[in-house]
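Student: Handing you this structure, nothing more for now.
The values are calculated or read from the model by the stated rules, or taken from the named source; none is laboratory data. Bear in mind that the values here come from a model prediction, so they are computed numbers and not experimental data. As a convention, Cβ positions derive from the backbone with ideal geometry for all residues, glycine included, and neighbour counts pool all protein chains shown. What goes into the accessible areas is simple: the full protein's heavy atoms, side chains included, and nothing from ligands, DNA or RNA. Shrake-Rupley method; radii C 1.70, N 1.55, O 1.52, S 1.80 Å.
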Amino acid sequence: MSKLGNLGARLYRGEVGYDFIAKRKIWYGVSILITITAIVGLAVRGLNMGIDFEGGAVFTTPKTSVSAAKAEEYAEKASGHDAIVQELGTGGLRIQIAGIDTGKSDEISSELSKDLGIDQNKINADLVGPSWGDTIANKAWQGLAIFMVLVVIYLAIAFEWRMAVAALVALIHDITITVGIYALVGFEVTPGTVIGLLTILGYSLYDTVVVFDSLKEQTKGIEKQTRWTYSDIANRSINSTLVRSINTTVVALLPVAGLLFIGGGFLGAGMLNDISLSLFVGLAAGAYSSIFIATPLVADLKEREPKMKALKKRVLAKRAATAAQAETAAAVVGHQADAEPEDAAPAGAGPRTQPSRSRGRTRPSGKRR
């Protein structure tokens, strides 16, 4: 068995483990700091909404010798807006300009044809109205809200309302961080971004449910024992699924990292950035929240119950009594060891006498005179 597999088996059996629950205030503080940073970035920089949400035009040109950087300069001068230019496999260019009035598309196309040295009739223009973009945005938010409601209902029925609340907090945590990083990085938000967000929410929920299912199984009949508190069992549930969560996250992140860093960064396929960034950040945040946010929050909420408070009191009292007995036994053993002399002779043993070596010399020979 591999070292990681052996570690996973030991974690599952509770032979080793890390106390995540005891340090939950640290994890809460880290999450709050990251979330505030994401919110500030979102408020200051805002999201770079794509053409599908703001409206605009996409111009496709035939093969040309003009570079993408030069074409971007021409497009921004002709439209007065920021432009995104990508080189196509055919040697042509895809020029995307968001936020412009679609009525100016002919004027912009004419300017581009002069600057690029291409016949205007060969430049294809696809127009997207702002009302269509608003409709797409509204549908995306509606889908996200419906997803959240269904998640809460499902978890409340399958587990309990405390787990539903904790999972909802973890999902909001993941969304906020992902959207905030989009604002800080400045990547364009497209329908692919929305797809990526919904995908990572499903993944984050799956990872959380795995831990919750283990917690539900291990807490059956918890009131009948006095060995573990609810937090102890919650911590054991995290440790028992820790290696599985790490393996799943790493395996999921590898292809996404390939899309983001190799496809979008090294090879220059910028269209992959919108979905790959949301997946990469969301998968990492989802794994973090299921371990450091959702389960500790469930433990906090659960131990507010009167039954769990009474259980914790009994467990701590038993542990204190056991510790006191151990200290008393150790003191007695130590006292007995101090009272016994190191070189004490066995009981009933008298003084030992050495035999005289001169016995045979002083004894008469036995010859009579």
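Student: Out of curiosity, is Leu184 in contact with a helix residue (DSSP H, G or I) (Cβ under 9 Å, 6 or more places away or on another chain), in contact (Cβ under 8 Å) with a residue 60 or more places away in the chain and not in a helix (DSSP H, G or I)?
Tutor: Against the criterion (in contact with a helix residue (DSSP H, G or I) (Cβ under 9 Å, 6 or more places away or on another chain), in contact (Cβ under 8 Å) with a residue 60 or more places away in the chain and not in a helix (DSSP H, G or I)), Leu184 does not qualify.
Student: Every residue in region 211-256 that is open to solvent by 20 Å² or more (accessible area, probe 1.4 Å), within 20 Å of Leu171 (Cα to Cα) and of a type in the set (Val, Ile, Thr), please.
Tutor: Ile246, Thr248, Val250
Student: Which is in a helix (DSSP H, G or I), at pLDDT 85 or above, open to solvent by less than 100 Å² (accessible area, probe 1.4 Å) and farther than 30 Å from Ser214 by Cβ, of Ala324, Ala330?
Tutor: Testing whether each residue is in a helix (DSSP H, G or I), at pLDDT 85 or above, open to solvent by less than 100 Å² (accessible area, probe 1.4 Å) and farther than 30 Å from Ser214 by Cβ leaves just Ala324.
Student: Additional query: Taking the condition more than 30 Å from Asp101 (Cβ to Cβ), assigned to a helix (DSSP H, G or I), open to solvent by 40 Å² or more (accessible area, probe 1.4 Å) and out of contact with any Asp or Glu (no Cβ under 9 Å at 6 or more places or on another chain), does Leu171 pass?
Tutor: Spelling it out, it is not the case that Leu171 is more than 30 Å from Asp101 (Cβ to Cβ), assigned to a helix (DSSP H, G or I), open to solvent by 40 Å² or more (accessible area, probe 1.4 Å) and out of contact with any Asp or Glu (no Cβ under 9 Å at 6 or more places or on another chain).
Student: Residues in region 19-40 that are more than 14 Å from Asp174 (Cβ to Cβ) and small (Gly, Ala, Ser): how many?
Tutor: Total satisfying the criteria: 2.
Student: Could you go through region 102-114 and let me know if any residue there is under 15 Å from Phe53 (Cα atoms), open to solvent by 50 Å² or more (accessible area, probe 1.4 Å) and not aliphatic (A, V, I, L, M).
Tutor: Within region 102-114, none of the residues are under 15 Å from Phe53 (Cα atoms), open to solvent by 50 Å² or more (accessible area, probe 1.4 Å) and not aliphatic (A, V, I, L, M).
Student: Give me the pairs, please: first residue somewhere in region 250-263 and within 12 Å of Leu277 (Cβ to Cβ), second residue anywhere and aromatic (Phe, Trp, Tyr) and open to solvent by 30 Å² or more (accessible area, probe 1.4 Å), beta-carbon distance under 8 Å, and either six or more positions apart or on two chains.
Tutor: From region 250-263, the pairs are Val256/Phe280; Ala257/Phe280; Leu260/Phe280.
Student: Can you tell me which condition Lys104 does not meet? The list is (1) outside any helix (DSSP H, G or I); (2) in contact with a strand residue (DSSP E or B) (Cβ under 9 Å, 6 or more places away or on another chain), and all the others hold.
Tutor: That leaves (1) as the condition not met.
Student: Among what's in region 52-70 and is touching a Gly at 6+ places or on another chain (Cβ under 8 Å), on the phi < 0 side of the Ramachandran plot and modelled with pLDDT of 80 or more, pick the residue that is surrounded by the fewest Cβ atoms within 10 Å (Cβ to Cβ).
Tutor: So in region 52-70, the residues touching a Gly at 6+ places or on another chain (Cβ under 8 Å) come out as 52-56, 60-64, 66.
Okay, now just the ones that are also on the phi < 0 side of the Ramachandran plot, so 52-54, 60-64, 66.
Those still in the list that are modelled with pLDDT of 80 or more too: 60-64, 66.
Values: Thr60: 16, Thr61: 24, Pro62: 15, Lys63: 11, Thr64: 16, Val66: 17.
Here the answer is Lys63.
Student: If I filter region 272-290 for residues that are at pLDDT below 85 and either assigned to a loop (DSSP other than H, G, I, E, B) or charged (D, E, K, R) (or both), do I get at least one hit?
Tutor: Within region 272-290 (the criterion being at pLDDT below 85 and either assigned to a loop (DSSP other than H, G, I, E, B) or charged (D, E, K, R) (or both)), the answer is yes, since at least one residue qualifies.
Student: Go through the residues of region 194-215 one by one and say whether even a single one is hydrophobic (A, V, I, L, M, F, W, C) and in contact with a Phe, Trp or Tyr (Cβ under 6 Å, 6 or more places away or on another chain).
Tutor: Yes, there is a match, as at least one residue in region 194-215 is hydrophobic (A, V, I, L, M, F, W, C) and in contact with a Phe, Trp or Tyr (Cβ under 6 Å, 6 or more places away or on another chain).
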